[in-house]
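First up is the structure itself, then whatever we jot down about it.
The values are calculated or read from the model by the stated rules, or taken from the named source; none is laboratory data. Fair warning: this is a prediction, and the values are worked out from it, not measured in the lab. Cβ placement follows ideal geometry from the backbone for every residue including glycine, while neighbour counts extend to all protein chains displayed. The accessibility values were calculated without ligands, DNA or RNA, using every heavy atom of the protein model including side chains. Shrake-Rupley method; radii C 1.70, N 1.55, O 1.52, S 1.80 Å.
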Amino acid sequence: MRKKAIWLFAAALSATALVVGPTASAEPSRASAGTVVIGHDQEPATLNNLITPGNAYTTSLVTNLVLASGQRYNSRAVLVPQLFAGKPRITRNRPLTIRFSIKANARWSDGRQVTGNDWRATYRAIMDRRWDITSREGWEDIRSVAVRGKTVTIVFRRPYAAWEALISGNIYPAHKLAGANVNQLYQSGLDVSSGPYRFVSWQKGTQLVLQKNARFRAGSAARLDRLVFRYIPNTASLFQSLRSNEIQVTEPQPQLQIVEIRRNNAFRVQSGPGYFFEHLDFQFGPQGHAALKRRYVRQALAMGINRSDVRNALYVQPGLVASARQLPVLQSLIWKPFEANYRAFFARWGFNQRNVISLLRRNGCTGGPATPNRNNNDIWSCPGVGRLSFRFNTTAGNQLRALTFEIAQAQLKSVGIELQPRFAANALTQILPSRDWDISMFTWLGGPTSSITAFALYGCGGDQNYMTYCNRSVSNALQKAQFTPNNVQRRNLLHQAERIMANDVPSIPMYVRPGFLIGRRTVTGLSINPTQQGSTWNAELWRTSQ
Amino acid sequence: MLTYIIRRLLYSVVVLLVASFLIFTFVTVSGDPLSFLKMSPGVSQETIANITERKHLDDPIIVRYGYWLRDAVTDQFGTTIIGERKIMPDIQRVMGHTLQLIIAAELLAITLAISIGVYSALRQYSVFDYLATTFSFLGLATPVFWLALMLQVLFVNVYLWWDIRIFYTANLSGVDPGGGIDFVLDRAQHLALPVIVLSIANIATYSRYMRGAMLEVINSDYVRTARAKGLKERRVIMRHAFRNALIPLTTVVALNFGALIGGVVVTETVFALDGMGFYFINALNSGDPYPVMAWLMIVSTGVIVFNLLADITYGILDPRVRHD
């Protein structure tokens with residue numbers, strides 16, 4: 001009996017010791033010197049970014065460091081050569097002919113040269129109908145690809161405005177693509193590298209490890225020995241891991257924990273506008289409110305909402321961004337404030353409640369307040385279009401949108417315009433395409449080439465023009481811009497279109513969602529990047545003093 | 001007993017077949033797996049058409065079920081819809097991680113719960129008993145996600161204050177876990193917090209069961225008889241009472257273990273543990289129904305198997321119970 005009791009006790013003790021004992025006595029462990037650990041909330045599905053599951057930001061953070069690009073976006077969203085020897089040149093306008101060369105010292109980690117054949121093999125893989133390629137847009141417009149050693153000449157069937165971004169992406173190795181099933185290529189690792197880092201291991205669900213590519217000569221060699229990506233989807237855990245130095249760098253979504261981290265001297269928080277922008281769209285179709293087809297009503301709405309207040313309430317006052325200057329109010333539907341072509345066309349619609357009232361009164365509207373009044377309950381009625389009371393469609397459960405709505409609703413109410421909330425889970429998936437709404441608030445996800453495809457959003461019959469907005473002058477300019485390879489000519493066309501849109505006000509740009517990059521001060525060289533190139537765009541320059 | 005087991009196994013096959021059809025039907029009708037792709041601007045229509053054809057997404061549900069069942073049986077659940085990724089290797093990996101977590105948590109919970117339950121019963125209405133009862137209800141009432149976050153905060157602060165890394169707050173292993181004993185230590189440091197979180201609710205449940213069962217047994221006639229025969233109290237408790245009091249707990253543990261096979265979604269998500277629950281959430285987020293279906297089938301199988309095991313164990317521990 002006693003013996004059994006002792007055994008039972010020993011078993012209990014062992015079980016407890018197995019879990020608790022060793023851990024309590026374990027030595028603290030840190031990432032070794034020369035290693036930086038990046039925490040990210042999403043794990044890649046594959047490392048092949050040619051196919052649909054690889055078309056994700058988290059994938060590009062890794063692949064861009066291993067499979068170098070012809071050119072990459074810098075922190076100002078400008079393409080700069082990486083494997084290309086210089087900027088690609090237009091050698092002929094009709095037909096559009098582009099030529100570029102790959103750097104003489106660009107080579108794969110297995111010793112082979114990176115040549116034009118690799119670029120052509122990538123092109124062919126994209127055009128191969130057997131593979132689940134995300135998009136062949138632009139690629140289908142290529143008529144021929146001629147390769148001579150490291151020089152590639154591309155001839156397009158028709159002008160393609162976004163040619164530079166199209167041809168500047170990741171270059172895949174021809175000798176790996178040959179005979180491969182591209183759908184299943186690089187599902188678990190990358191066996192060759194042309195970038196500053198090479199792939200080492202991927203412990204699915206936990207971490208992915210890159211190591212310095214000692215054979216990389218086409219640019220700055222990596223300063224770090226290793227770069228480790230740790231995947232932590234829970235935001236609270238991500239921040240705890242950052243505080244406890246389990247990770248040193250992260251790019252979180254806007255979260256209140258950022259405010260606390262910002263106060264901590266151990267970290268440096270970078271923030272800035274990105275390409276995702278929130279906006280209010282007006283419905284011009286038959287199911288929308290008749291008043292929204294009147295320009296003066298849309299202009300009144302634009303002047304009646306204080307967009308600075310919205311920006312401040314969402315990001316500045318909570319302390320997410322250090323100052324309002326870091327996140328300017330968006331004044332364009334086509335460009336973002338950090339882009340060279342950005343012009344503040346919508347700045348003319350500054351917040352002015354008295355102007356709203358006088359504009360509506362000038363156009364024969366009646367029943368509204370004489371002066372702006374917070375407690376106002378009088379709503380304007382305008383000739384032929386009825387009361388200015390609009391259904392406001394947006395997603396349910398999004399706190400930022402709910403707060404934006406509350407601010408806009410209160411401000412417009414005080415000038416006699418009513419917003420009725422229509423928050424729904426299917427606001428974007430079903431209600432938005434149905435066009436059965438008056439005002440919709442949502443985010444457009446864009447990138448550096450979005451301006452080129454603005455026709456889809458604002459052109460007559462554009463694929464994503466859910467507003468049914470149609471102004472022939474705007475549409476023609478946007479349509480033409482899509483097929484204008486010359487940057488200056490295209491910029492002029494887009495400015496021309498946006499100048500008209502700023503008067504038409506089919507949509508109100510609200511704010512650009514800020515991006516965040518947080519790093520320990522022991523890690524230097526971090527620089528936030530608003531494009532899909534992501535925070536690791538210059539990871540070869542990162543250093544750590546840990 | 002053997003006949004009973006065979007009969008139960010045959011029933012289980014039928015149950016699984018019915019479950020597979022229900023799982024397939026409900027998951028399939030819940031949405032279009034390609035809706036995300038279809039809504040993404042620029043995604044090639046050819047790609048969508050290729051996937052639709054390859055995965056027979058245009059066929060009637062019953063036909064698709066046939067294809068899926070074939071893949072499930074002959075090709076270990078086949079591949080994901082988007083990306084053609086083999087499903088089974090991923091499930092095997094996450095299942096291993098979940099087993100590590102729940103075995104450690106169950107061992108800890110059972111050991112402590114039995115000790116607490118037995119002692120509470122023997123010292124009924126003592127200070128210890130009241131404390132154990134209070135903490136049990138507290139353990140049951142504490143939300144798992146809150147407890148998990150509090151433990152993370154606590155041990156992060158321990159690290160920040162004293163520069164001692166006792167436990168890690170996320171993931172299954174360190175950047176350099178090493179091998180041998182270093183690997184075991186590293187794994188233990190990563191698993192400790194989720195194990196504690198998972199154990200606390202189980203300790204609370206199991207200790208209440210154990211206390212109740214023990215109280216029932218020590219007040220039964222045969223225990224009174226044992227005492228009347230002049231047996232030492234220790235022998236009465238350990239030999240006659242304790243063993244019989246374990247029977248209900250065994251059933252509860254076996255059933256609970258079956259349910260835990262599906263992973264502990266909240267715990268694994270908070271601690272970023274690459275386990276079954278974490279896998280399920282990721283599969284749901286990806287919108288790909290095939291990994292979700294594979295997961296549901298495996299969890300269903302686990303529940304059925306552990307139910308069977310619970311019944312068999314019950315019969316072995318309590319000779320009065322006979323399965324005919």
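Take every Cα pair under 8 Å whose residues are at least 6 apart in sequence, average their separation, divide by the length of chain A, and the relative contact order is 19 percent.
Counting only protein chain heavy atoms and rolling a 1.4 Å probe, the accessible areas of A:D191, A:D41 rank, largest first, as A:D191, A:D41.
Residues in the stretch B:221-236 carry Karplus couplings, in order, of 4, 5, 6, 4, 4, 4, 5, 5, 6, x, 5, 5, 4, 4, 5, 4 Hz; the curve used is 6.51 cos²θ - 1.76 cosθ + 1.60 with θ = phi - 60°, and Gly or Pro positions show x. Proximity of backbone amide H atoms, modeled 1.01 Å from N, is registered between A:S389 and A:E418 at under 5 Å, excluding neighbours fewer than 5 places apart on the same chain.
Over all other residues within a Cβ to Cβ distance under 14 Å of A:F199, the charged ones net out to +4, with Lys and Arg as +1 and Asp and Glu as -1.
Annotation: lysines with alpha-carbon distance below 24 angstrom to B:K38 (same-chain offsets under eight excluded): B:K55, B:K86.
Across the protein chains, with a 1.4 Å probe defining accessible surface, the residues B:T269, A:T484 rank B:T269, A:T484 from largest area downward.
For the stretch A:276-512, the relative contact order works out to 31 percent when only alpha carbon pairs closer than 8 Å and six or more residues apart are counted.
GNM, chain B, Cα, under 10 Å: largest mean-square fluctuation among B:E106, B:E233, B:E84? Ranking B:E106, B:E233, B:E84 by mean-square fluctuation puts B:E233 first.
For the stretch A:238-255, putting each phi into the Karplus relation 6.51 cos²θ - 1.76 cosθ + 1.60 with θ = phi - 60° gives couplings of 4, 6, 5, 5, 5, 4, 8, 6, 6, 10, 10, 9, 7, 10, x, 5, x, 9 Hz, in residue order, rounded to whole numbers and with x for Gly and Pro. Once B binds A, the 1.4 Å probe can no longer reach about 4700 Å² of accessible area, counting both sides. Name the residue from A:L314, A:P273, A:Q411 whose Cα lies farthest towards the positive end of the charge dipole of chain A, charges +1 on Cβ of Lys and Arg and -1 on Cβ of Asp and Glu. The Cα lying farthest towards the positive end belongs to A:P273.
For A:V523, the accessible area of its heavy atoms, probed at 1.4 Å with every protein chain present, is near 10 square angstrom. Ranked by the mean number of other Cβ atoms within 10 Å of their residues, highest first, the peptides A:244-252, A:491-499 fall in the order A:244-252, A:491-499. Rounded to whole numbers, the Karplus 3J(HN,Hα) couplings from phi for the stretch A:156-171 are 8, 5, 9, x, 10, 5, 8, 4, 5, 5, 4, 8, 9, x, 4, 9 Hz, using 6.51 cos²θ - 1.76 cosθ + 1.60 with θ = phi - 60°, and x at Gly and Pro. Tell me which of B:N202, A:N487, B:G180 sits at the most positive position along the dipole axis of the protein assembly as shown, charges placed on C-beta atoms (Lys, Arg +1; Asp, Glu -1). Selected residue: A:N487. Taking amide H atoms as placed 1.01 Å from N in the peptide plane, the amide H of A:F442 lies under 5 Å from those of A:H279, A:D281, each 5 or more residues away in sequence or on another chain.
Each Lys and Arg Cβ is given +1 and each Asp and Glu Cβ -1; about its Cα centre, chain A then shows a dipole of about 1200 debye.
Each helix, a run of at least 4 DSSP H residues, gives -39500 (n - 2.57); summed and divided by the residues of the protein assembly as shown, these come to -14000 deg cm²/dmol at 222 nm. Distant-in-sequence amide contacts of A:G274, defined by a placed amide H-H separation under 5 Å and a gap of 5 or more residues or a different chain, comprise A:R513, A:G515.
Among the protein heavy atoms, those of A:S188 account for about 70 Å² of accessible surface (1.4 Å probe, every chain in place). Within the stretch A:181-229, the residues that become at least 20 Å² less accessible when every protein chain is included than when their own chain is isolated (1.4 Å probe; DNA, RNA and ligands ignored) are A:N183, A:Q184, A:Q187, A:Q203, A:K204, A:G205, A:T206, A:Q207, A:R226. The residues neighbouring A:F239, those whose beta-carbon lies less than 14 Å from its own, together hold a net charge of +1 under the Lys/Arg +1, Asp/Glu -1 convention. For A:K204, A:K336, B:K232, the ranking by accessible surface with the largest value first comes to B:K232, A:K204, A:K336, using a 1.4 Å probe. Each Lys or Arg adds one and each Asp or Glu subtracts one; over the other residues with Cβ under 9 Å from the Cβ of A:L210, this totals +3.
Mean partner shielding of peptide A:129-139, defined as the number of other chain Cβ atoms within 10 Å of each residue Cβ, is 5. Any idea what the relative contact order of chain B is, in percent, if you count C-alpha pairs under 8 Å spaced at least 6 apart? The value is 25 percent. Beta bridges assigned by DSSP with both partners in the protein assembly as shown are antiparallel in approximately 75 percent of cases.
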